[in-house]
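Since the structure comes first, as structure tokens, the remarks are kept for the end.
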């Protein structure tokens with residue numbers, strides 16, 4: 001019998017790898033029909049093509065350096081919660097490189113498909129700091 005936790009971790013990491021290319025079409029193969037994506041600031045997207053378009057405005061390019069992927073099974077629903085954490089690295093639109101931008105993506109996987117993801121990172125705080133609008137030093 002397959003391990004649902006290991007399988008959910010594999011699905012999420014494959015999705016993230018494809019999203020970083022970006023290859024939204026291939027990444028979408030891992031999604032349930034009722035997929036929901038919520039980005040930082042509460043922005044709602046319908047799928048990887050939407051988030052890739054958003055990222056293309058915010059970054060010249062961006063990738064994720066995975067630090068860990070943890071998962072736990074909800075025995076009552078059969079869903080697996082997957083937590084992928086690490087750092088974003090890349091370049092801002094002006095070509096300035098960045099690294100060490102913390103992120104966490106939280107996924108719900110059901111029946112071998114991703115049904116939702118919530119995405120958080122430090123980009124907005126970093127951009128506020130670069131604009132001189134940060135309330136405290138980073």
Quiz item: From the Cα gyration tensor of segment 44-103, with a ≥ b ≥ c the square roots of its eigenvalues, which class applies: rounded if a/c is under 1.5, or else prolate if a/b is larger than b/c, or else oblate?
Solution: oblate
Quiz item: Relative to the present Cα-Cα distance, how much length would full extension add between residue 23 and residue 83 at 0.36 nm per residue of separation?
Solution: 19.5 nm
Exercise. Whole Å is fine, so just give me how far the alpha carbon centre of segment 65-93 lies from that of segment 1-36.
Key: 11
Quiz item: Which part of segment 108-138 falls in the paramagnetic zone of residue 57, meaning amide N under 15 Å from the point 7 Å along Cα-to-beta-carbon?
Solution: 124
Exercise. Would you calculate, for the chain, the mean residue ellipticity at 222 nm contributed by helices, counting each DSSP H stretch of 4 or more residues as -39,500 (n - 2.57) and dividing by all residues, to the nearest 500?
Key: -9000 deg cm²/dmol
Self-check item: Segment residue 49-residue 99, extension gain: residue separation times 0.36 nm, minus the distance between their alpha carbons
Solution: 15.6 nm
Practice problem: Kindly express, to the nearest 10 degrees and within the range 0 to 90, the angle between helix 48-58's C-alpha long axis and the longest C-alpha principal axis of the chain. | Solution: 10
Self-check item: Considering only the chain, percent of DSSP beta bridges that pair antiparallel, nearest 5
Solution: 90
Quiz item: Quick one: what do you get for segment 1-134 if you divide its Cα Rg by 2.2 N^0.38 Å?
Solution: 1.08
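None of the figures in this text is laboratory data; all of them are computed from the coordinates on show. What you see is a predicted model; the values in this text were computed from it and never measured. When we count neighbours, we look across all protein chains shown, and the Cβ atoms used for this are built from the backbone with ideal geometry, even at glycine.
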